[in-house]
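Novice: Once you've had a glance at the structure underneath, I'll fire off some questions.
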Amino acid sequence: MLTSFPSQPTTTRVVNMRRIWVKVHRWLALSVGWILAVVGVLGAILILAQPLDKWAHPEFFKADAITGSAVAPTVTLEAIRKQLITEFGTKSNFTLRPPRVAGDTYWVIVRGEPWSGTVYLNPVTGHEQGRRGEYDGFVNFAFKLHSALLLKDTGKAILAWIALAYLVLLISGLVLWWPKRWPPSLKIELGKGLLRGLFDMHRIGGAVLGLLIAVSVATGAYMAWRPLGQFVTTLSGSAAVKPPVLSKEELAQPATVTLDQLVARGHAVFPTDPVTYVQLPAKANQPIRLRLLLADDPHPNGLTSVYMHPKTGEVLAAYRWDQLDPGARAFSFVYPLHTGELGGITLEALTFLSGLGLGMLGVTGIWLWWRRRR
């Protein structure tokens, strides 16, 4: 009985294709893989650092107790707005975040020149308990580096393209790992030297954690770069849901309501659901936006919006989170999936693991490449 062997050209083609995959995987990893590793580790750190930050800095997050026999009056939103405009001017955007639970401070997120950051107020007296610039403190700095590489919109676009590069890294890594026999061995040989142990860790870790990491990378890219959501909406054939724009005639109307009355009217559209943010834009032709957290919305901050005329308090538009266009509606699931909040402590643990796994792949990959050059 004669035994047939694969032809030499076929074997050569397989070897050549493998070399191509190796080069693609190696040089793509060396060019952008280290950025993925840094961003991944920072994401894992933030899962732990954010609650620790609240514990370490109660002056920002816990309202000072009110002492004395008389009960101090609750500060009005109108008073807060006037105080903000006096200090930061009319060209700054303000986002007010009411307390979520008893004892929380009132957050005011300021976006403007020359200062951007968050001011923390006592919700009863309006007294400022502290403030931090948008890059102040480890958590703020780490978040800006994780979400935008400290480059704002440019960094977000870069991260979106790097996420695409990770997809190529994942495919090429799986091609190079793919075993000839199944089930594959997932054993990491730690007793055969450091180089062999790191090789097994990189190869098997990438194969096992690759898809889990891909979820974190893809959801992060979707949140970072807004055109991805617009692309999803266009692809679905739907029209983007946009906030109303005020005309010159509407802007000419005199102010007849306070901010407190305006928020009360907007809240009346969804009276049983909490207001999570009140957004006060600097541009005169943009309405004031109330964000609310409806009971069926998976987004922890809520994506339901009520748009209000800034002078008359008229409700201009109201959109439930599930009435948004597909690209925007996806954020209700993408955001909590990325942070791990969608699945409770189990998903948070997996998200933490994926961040560390991405860092491990970056470190082991660079180390293996460096050792083999020597």
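Novice: Taking all protein chains together and a probe of 1.4 Å, list Arg373, Arg181 from the most accessible to the least accessible.
Specialist: Largest accessible area first, the residues go Arg181, Arg373.
Novice: Using Cα springs under 10 Å in a Gaussian network model of the chain, which residue among Val14, Val75, Val39 shows the largest mean-square fluctuation?
Specialist: Val14
Novice: Separate question: Quick one: ranking Glu250, Glu314, Glu113 by accessible area, 1.4 Å probe, largest first, what do you get? It would help to have the intermediate numbers written out before the result.
Specialist: Working: Glu250 55, Glu314 100, Glu113 150 Å².
From most exposed to least exposed: Glu113, Glu314, Glu250.
Novice: Take Val168 and Val215, extend 7 Å from each Cα along the Cα→Cβ direction, and tell me the distance between the two endpoints in nm.
Specialist: Here the answer is 2.6 nm between the modelled labels.
Novice: Further, regarding this structure: How large is the accessible surface of Ile366 in square angstrom, using a 1.4 angstrom probe and rounding to the nearest 10?
Specialist: Spelled out: Ile366, probe radius 1.4 Å, area about 70 Å².
Novice: If you don't mind, there's one more thing I want to ask. If one computes the Cα centroid of segment 348-374 and of segment 83-157, what distance in Å separates the two points?
Specialist: 34
Novice: Roughly how far apart, in whole Å, are the Cα centres of segment 163-197 and segment 243-261?
Specialist: A separation of 60 Å, based on Cα centres.
Novice: Within segment 80-190, count lysine pairs with alpha carbon atoms under 20 angstrom apart where the residues are 8 or more positions apart or belong to different chains. The partial results should precede the final answer.
Specialist: Values: Lys82/Lys91; Lys91/Lys152; Lys144/Lys152; Lys144/Lys156.
Within segment 80-190, the lysine pair count is 4.
Novice: Could I ask something else about it? Work out, step by step, the length gained on full extension between Phe231 and Trp178: first 0.36 nm times the residue separation, then minus their alpha carbon distance; give nm to one decimal.
Specialist: Full-extension gain reported as 15.7 nm.
Novice: Find out how many positive minus negative residues lie around Leu361, taking Lys and Arg as positive, Asp and Glu as negative, among other residues whose Cβ is under 14 Å from that of Leu361. Walk me through the numbers before you get to the answer.
Specialist: On the way: positive: Arg26, Arg203; negative: Asp200.
Its environment carries a net charge of +1.
Novice: Give, in nm to one decimal, the length gained when the segment between Asn140 and Ala284 is fully stretched (0.36 nm per residue of separation minus the Cα-Cα distance).
Specialist: Working it through step by step, the gained length comes to 48.9 nm.
Novice: Assuming 0.36 nm per residue, please report the length gained on full extension of the stretch Leu52 to Ile20 beyond their Cα-Cα distance.
Specialist: Details: separation 32, 0.36 × 32 = 11.52 nm, distance 4.57 nm.
So the chain would gain 7.0 nm between Leu52 and Ile20.
Novice: Further question: Counting only protein heavy atoms and using a 1.4 Å probe, what share of the accessible area of segment 171-249 belongs to carbon plus sulfur, as a whole percent?
Specialist: Numbers: 3460 of 5150 Å².
Ligands and nucleic acids excluded, carbon and sulfur give 67 percent.
Novice: What are the DSSP H helices in the chain that stretch 18 Å or more along their long axis, judged by alpha-carbon atoms, and whose average Kyte-Doolittle hydropathy comes to at least -1.0?
Specialist: Numbers: long enough: 8-28 (30 Å, -0.50); 34-56 (31 Å, 1.62); 152-177 (37 Å, 1.50); 194-224 (38 Å, 1.27); 344-373 (44 Å, 0.71).
Qualifying helices, which must be both long enough and hydrophobic enough, are 8-28, 34-56, 152-177, 194-224, 344-373.
Novice: Further question on the same structure: Pop a pseudo-label 7 angstrom from the Cα along the beta-carbon direction at both Glu87 and Arg13 and give the gap in nm to one decimal.
Specialist: Result for the modelled spin labels: 7.0 nm.
Novice: How big is the C-alpha Rg of the chain next to the rule-of-thumb value 2.2 N^0.38 Å, as a ratio? Could the numbers behind the result be given before it?
Specialist: On the way: Rg = 26.1 Å, N = 374, 2.2 N^0.38 = 20.9 Å.
That ratio works out to 1.25.
Novice: I've got another one for you. Which FRET efficiency, nearest 0.05, do Ile204 and Asp64 yield, Cβ-Cβ r, R0 41 Å?
Specialist: Values: r = 52 Å, r/R0 = 1.28.
Efficiency at R0 = 41 Å is approximately 0.20.
Novice: GNM on the chain, C-alpha springs below 10 Å: top fluctuator among Leu46, Leu186, Leu347?
Specialist: Of Leu46, Leu186, Leu347, the most mobile in the Gaussian network model is Leu186.
Novice: Starting from the Cα of Lys54, draw a straight line to each of the aspartates and glutamates and keep only those under 15 Å, dropping any in the same chain fewer than 8 residues away.
Specialist: Answer for Lys54, where 15 Å is the Cα cut-off: Asp64, Asp104, Asp136, listed by chain and number.
Novice: Considering only protein heavy atoms, with the full assembly of protein chains and a 1.4 angstrom probe, order Leu150, Leu48 by accessible area, largest first. Walk me through the intermediate numbers first.
Specialist: Details: Leu150 65, Leu48 95 Å².
My answer, sorted largest first, is Leu48, Leu150.
Novice: Where is the GNM fluctuation largest for the chain (alpha-carbon springs, 10 angstrom cutoff): Arg196, Arg291, Arg26?
Specialist: Arg196
The values are calculated or read from the model by the stated rules, or taken from the named source; none is laboratory data. Remember, it's a predicted structure, so these values are computed and weren't measured experimentally. Cβ sites come from the backbone with ideal geometry, for glycine too, and all protein chains shown count toward neighbours. Just so you know, the surface numbers come from the protein's heavy atoms only, side chains and all, with ligands and any DNA or RNA stripped out. Shrake-Rupley method; radii C 1.70, N 1.55, O 1.52, S 1.80 Å.
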